[in-house]
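The values are calculated or read from the model by the stated rules, or taken from the named source; none is laboratory data. Computed from a prediction, not measured in an experiment: that's the story for all the values here. FYI the Cβ positions are ideal-geometry reconstructions off the backbone, even for glycines, and counts take in every protein chain you see. What goes into the accessible areas is simple: the full protein's heavy atoms, side chains included, and nothing from ligands, DNA or RNA. Shrake-Rupley method; radii C 1.70, N 1.55, O 1.52, S 1.80 Å.
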Amino acid sequence: MTNPFALYTCRIVLSLTFIGMLTACSQFSTKPGAIGFHNLSARYNAYFMAEQSLAEAEFQMSKAYKENYNELLPILLPLDSVLSLPVKLQLQDAIKKSSIVAEKHQNSKWMDNSYIVLGKSRLYLGEWADGLEALRYVYANGRDENDKNDALILLMRAYTIRKDYSNALGVAEYLSQQPLTKSSAREFYLTKAYLHQQNGEYLTSVAILEETFPLLKKSTETARIHFAAAQMYDRLGQYALANKHYRSVSKNRPGYDLGFYSSMNSLQNEVVLDPKKDLDDVGFAKMLRDRKNDDLRDKIYFTMGLLAEHRKQIPEAIDYLQKSAAASKGTNMEQKAYTYLQLARINYESLEKFEVSKAYYDSALTILPQTAPEYKLVSERKRALDQFVEQYTIVNTEDSLQKLAQMNPAALDNRIDAIIEAQESERKAEEAKAQKALLAAQNTNVQSVQSPLMNGGERRWELYDPALINQGKMDFKRAWGNRPLEDDWRRSSRQMRSLANNGINAPDSLAPTTELVADNSLKKGSPEWDALHASLKQSIPLTEGQMGDSQKRKEDALYNLGKIYRFDLKEQQRSINTFERVLADYPKTQYKEEIYYLLYLTYESENDKNAWKSRLLNEYPTSTYARLVGKTTGNAGDLAGSGNPVKEYEAAYALYSKGDYARALEEIEQNLPAYKGHAIEDKFALLRVFLIGKVRGKEAYTQAITEFMRLYPSSIYLPRLKEMQELNSLSMGKR
């Protein structure tokens, strides 16, 4: 029979032993046994699974990441919350598992590593505050110096992505003083090179990379970093050094696309380094013949177009770029957008075909992703060109019509008849061309429709090219005006608009408008011909009143062109030329004092600035612009770079709120010229209008409103100013 006392004693011993074991394995214990237990449990359970989940997520994200070889490749891939959406579950699992270490294994040496996994996973998910906090915790409380350094390297990368370059540089400065392991040193150098690359400091970035490459093993990622280094050397104009790294790409197992673009850029540099090389002998022809490059033919033609432009071979450049646009497939529309941007730029800068340039900008915007770094700039350029083309067309139209009006009656009648004949011939040629294309299309199989417009013997379908669609719309609007969608739309009458190119020599300077032109029986001397002749003649300013109206339209358009050149297109010299043309052609222009002021602001040399300033002060000493120039005498240069516009505005507004109107106006007029072109310039000007009303009376207030509306036609405050103008007019009328 079992002794009850012995059994009781055994139970007590077992309980005490179990309690002792639990106490020894506590996560707060500093005993070697407890630490060893928690190290083992943390490493091969929670931390291992968290690390595996994060590694799997990173692998999937790297596979899904799409490189844009037209842009500078980032040395490190971004911590992108959008890219992480498909792997959100893996990242959340990594967060969950790494949190277990913090909850149950606080005396484990894997605590720091788990917090790094936790922080990195949160950064991938876009949880920046929590992610940064986890990394800072490792730095502040970590037990292992290597883990603390790894957390800081990741923190520096996060700061760089957030464009917090000052904090990133501070972390880099600290890390440069710390002893780093080989793997940590490699990550530190890559991250620091990435920091300087993103900050636009390419020379510093490539210098760091040159020291890093010996630490890198052969891999696709190393090939990618060589490509990024080569691109930065390209931007620095060091084409020989760039080619050295392009050759290194092929030695590091690149993917097909990376290898292709590396070879393409290398060939481009060879042509730049040796201007005598023929494009056909470099290797582009061989690449075009290679069937593996069928999906990349657009990039080959694009590069050939860039090189042709570099050699000032503009027609050849346009031909190559048009072939590039035609070769772009549905999966590579982004390349087509960049091709359109190049065509837009060439047509604007080299050929001065502004309407064609606008059409290509329109086409590029329909394709270019809104996330592209150029999108905002392109959209602003397109908006400016919309306004520019409108004003430019008015100038050419009125200029052409005025030249026609100066001809003697017989010569004018002959000229109009010649225009009608030219238009009739052109119409018949277009009809024949359309009929030929229709017959060809009927004999073409369905597959050929997928080949968009091509030049030089290759089929080109206009309905598949946004640039030609936009151009066609402009041609229609130019010939027929804005027409509603209705039956017999050609019967309604309209005013003729000129498309003259630098004069009246272009046969399309007058465009026939009635449906009689579409009649194949239109003959000279017929009633239909005479009716069309009379209709066109009515648009020519033959009377003194009509000529005055035409001159006014041209004067206004030239003035608007000058402002568009200066404020929107940022072309100072063309702005100066246009303003001076207004003064030369219209000595009594209503914009004279404002143009003096704008020329004073636009010229860079002090002699020219002082000359226009003197003319303004001498001819319009009491004008608002004279006050603005007078207030900035000797100070404009200092003010432009020394003040904070927001703080200056707030200070002036505080004076306005206190009722100190005279002093507030003085401050505004002193600071306004220094912030010309700034985002809140119109806000300064609006406050100035209010202050003028308080200080200088109704007449000056009315003039200030008018000047604001003329200087800031696109301001968000314009509706408010129009209301103020209406109320002021009513008030003046009642008085």
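What to note about this one:
- Scanning region 529-547 for residues that are modelled with pLDDT under 80 and among the acidic types (Asp, Glu) yields one hit, ASP530.
- For region 280-288, the condition holds for no residue, the condition being that it is modelled with pLDDT under 85, under 22 Å from the mean Cα position of the chain (by Cα) and either closer than 27 Å to TYR712 by Cα or of a type in the set (Gly, Ala, Ser) (or both).
- The residue pairs whose first member lies in region 233-248 and is at positive phi, whose second member is part of a helix (DSSP H, G or I) and open to solvent by less than 40 Å² (accessible area, probe 1.4 Å), and whose beta carbons are closer than 6 Å, counting only pairs six or more residues apart or on different chains, do not exist in this structure.
- Test for SER400: is it at pLDDT 85 or above, under 30 Å from GLN546 (Cβ atoms) and of a type in the set (Gly, Ala, Ser): yes
- Residues located in region 322-345, provided they are among the aliphatic types (A, V, I, L, M), modelled with pLDDT of 85 or more and out of contact with any Phe, Trp or Tyr (no Cβ under 9 Å at 6 or more places or on another chain): ALA337
- Residues in region 119-130 include at least one that is among the aliphatic types (A, V, I, L, M) and in contact (Cβ under 8 Å) with a residue 40 or more places away in the chain.
- Top-ranked residue in region 185-229 [being in a helix (DSSP H, G or I) and among the acidic types (Asp, Glu); ranked as surrounded by the most Cβ atoms within 10 Å (Cβ to Cβ)]: GLU187
- Among the residues of region 326-362, those that are among the small types (Gly, Ala, Ser), buried (at least 21 other Cβ atoms within 10 Å of the Cβ) and over 18 Å from GLU71 (Cα atoms) comprise ALA326, ALA327, ALA344, SER357, ALA359.
- Check on ARG553, open to solvent by 20 Å² or more (accessible area, probe 1.4 Å), in contact (Cβ under 8 Å) with a residue 12 or more places away in the chain and assigned to a helix (DSSP H, G or I): yes
- When ASP274, ASP257 are screened for being farther than 23 Å from ASN68 by Cα and open to solvent by 30 Å² or more (accessible area, probe 1.4 Å), only ASP274 passes.
- Close pairs from region 523-548: first farther than 15 Å from ASN414 by Cβ and open to solvent by 30 Å² or more (accessible area, probe 1.4 Å), partner modelled with pLDDT of 80 or more and assigned to a loop (DSSP other than H, G, I, E, B), Cβ under 7 Å, at least 6 apart: MET547/PRO541
One line per residue, one yes/no per condition, for (1) of a type in the set (S, T, N, Q); (2) open to solvent by 30 Å² or more (accessible area, probe 1.4 Å); (3) more than 42 Å from the chain's Cα centre (by Cα); (4) closer than 17 Å to PRO541 by Cα:
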residue	(1), (2), (3), (4)
ALA364	no, no, no, no
PRO369	no, yes, no, no
ALA372	no, no, no, no
ILE394	no, yes, no, yes
LEU401	no, no, no, yes
GLN406	yes, yes, yes, yes
ARG415	no, yes, yes, yes
GLU424	no, no, yes, no
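- Contact map, region 577-595: residues that are touching a residue at least 40 places away in the same chain (Cβ under 8 Å) paired with residues that are open to solvent by 20 Å² or more (accessible area, probe 1.4 Å) and aliphatic (A, V, I, L, M), Cβ distance under 8 Å, separation 6+ or inter-chain. Pairs shown: GLU594/LEU711.
- Test: residue in region 566-585 that is among the aliphatic types (A, V, I, L, M), within 32 Å of the chain's Cα centre (by Cα), modelled with pLDDT under 90 and at negative phi: yes
- Count of residues meeting criterion [open to solvent by less than 60 Å² (accessible area, probe 1.4 Å), touching a helix residue (DSSP H, G or I) at 6+ places or on another chain (Cβ under 7 Å) and either within 26 Å of ARG235 (Cα to Cα) or at pLDDT 85 or above (or both)] in region 69-89: 11
- Just one of (1) open to solvent by 40 Å² or more (accessible area, probe 1.4 Å); (2) touching a Gly at 6+ places or on another chain (Cβ under 6 Å); (3) modelled with pLDDT of 85 or more fails for LEU123. It is (1).
- On the stretch given as region 132-154, residues that are open to solvent by less than 50 Å² (accessible area, probe 1.4 Å) and touching a residue at least 24 places away in the same chain (Cβ under 8 Å) total 9.
- Search result, residues across region 679-724 that are more than 33 Å from the chain's Cα centre (by Cα), of a type in the set (A, V, I, L, M, F, W, C) and surrounded by 16 or more Cβ atoms within 10 Å (Cβ to Cβ): VAL689, PHE690, LEU691, ILE692, ALA704, ILE705, MET724
- Cβ-Cβ contacts under 7 Å between residues 6 or more apart (or on different chains), taken from a first residue in region 262-275 that is assigned to a helix (DSSP H, G or I) to a second residue that is crowded, with 20+ Cβ neighbours inside 10 Å and small (Gly, Ala, Ser), are listed as ASN265/ALA230; ASN269/ALA242.
- Annotation: of all residues in region 230-254 being touching a Lys or Arg at 6+ places or on another chain (Cβ under 9 Å) and not in a helix (DSSP H, G or I), the one that is nearest to TYR65 (Cα to Cα) is PRO254.
- Reported count of residues in region 503-528, each being at pLDDT 50 or above and of a type in the set (Gly, Ala, Ser), is 3.
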